[in-house]
Amino acid sequence: MTIGERDETAWSEALAAELGQVEQAVRSLSDRSLLGLRAVEPLLGQRWYLCAFDGPSFLCLKRDLSVEKNSKQVREVAAGSLLVERAEAIIDAAEIKYLASAAGRLLAAAGEPGDLEESIELVAHRALQLAEWRESAQREVASVAALDTAVALHEAFSKAYGEFVSRSQPLVERQDELEPEVVSGLRVFEEAAGRAGIGEPLATRLGATLEDCDEGAAQVLAAHVLPLT
């Protein structure tokens, strides 16, 4: 196990212990069966816990495990949690890593892609950086601030792919002259990029979900199990 892996494991264990304390606090506040629980950070370093019950119904706790009764704050927590969930759904680590593997197969094609090697390697590198962010243990906390990193990584990923597309244009114009393995590799690589969501900026896609997140947060408020002010 590497130092990074040990750090991730220790981080997850500490969070699990923290959430265990939250569950105990929830049992003392409600006799409902807890269906879901997530630590949420609308702002960096400011943590709340959003609890989901059957119904659906919800309960928001502060860091000190007291009930958050401010409706504006609960709404912000709920909206932040939903926004992070949308980002997690958009960033498909499996598809992104498949793109990186497709890059490796393309590079292994004999003779070509020649001067495209550097740009293909960069796409794979940027892809793996984004996949690593998505699979990090720290994604267990719904951190809105962490989305800034995701947006930047996705932008770098898209930029690298854009450079590949630009450099590969001469190949497109003479694809009849290429080896079949290279043509097939290029097609698989391009299709994988589409499935990895490289076409539209992450910030744009998240922006399009803001209204839905706000509506979802309003539903959380309406179904909060304890009165809000």
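Odds and ends about this structure:
- Only helices (runs of 4 or more DSSP H) whose full extent lies in region 60-160 are considered here, and the ones with at least 3 residues that are in contact with a Cys (Cβ under 8 Å, 6 or more places away or on another chain) and at pLDDT 95 or above are 71-90.
- Flag for GLU215 being at pLDDT 95 or above, of a type outside the set (A, V, I, L, M) and not assigned by TED's automatic domain parsing to the domain that holds ALA127: yes
- Scanning region 135-146 for residues that are closer than 17 Å to GLY80 by Cα and surrounded by fewer than 19 Cβ atoms within 10 Å (Cβ to Cβ) returns GLN138, ARG139, GLU140, VAL141, ALA145, ALA146.
- Of the residues screened, ARG6 is not one that is in a loop (DSSP other than H, G, I, E, B) and modelled with pLDDT under 95.
- Test set (1) part of a helix (DSSP H, G or I); (2) touching a helix residue (DSSP H, G or I) at 6+ places or on another chain (Cβ under 9 Å); (3) closer than 27 Å to THR149 by Cβ - THR204 fails condition number: (2)
A quick yes/no check of all residues on (1) crowded, with 16+ Cβ neighbours inside 10 Å; (2) within 25 Å of ALA223 (Cβ to Cβ); (3) outside the structural domain of ALA146 (by TED's automatic domain parsing); (4) without any contact (Cβ under 8 Å) to a residue 12 or more places away in the chain:
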| residue | (1), (2), (3), (4) |
| --- | --- |
| THR9 | no, no, yes, no |
| ALA17 | no, no, yes, yes |
| VAL22 | yes, yes, yes, no |
| ARG27 | no, yes, yes, yes |
| ARG38 | yes, yes, yes, no |
| GLY45 | no, no, yes, yes |
| GLY55 | no, yes, yes, no |
| CYS60 | yes, yes, yes, no |
| LYS69 | no, yes, yes, no |
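- Test: residue in region 61-68 that is on the phi < 0 side of the Ramachandran plot and touching a Lys or Arg at 6+ places or on another chain (Cβ under 8 Å): yes
The values are calculated or read from the model by the stated rules, or taken from the named source; none is laboratory data. What you see is a predicted model; the values in this text were computed from it and never measured. Ideal geometry is used to build each Cβ from the backbone, glycine not excepted, and the neighbour counts take in all protein chains shown.
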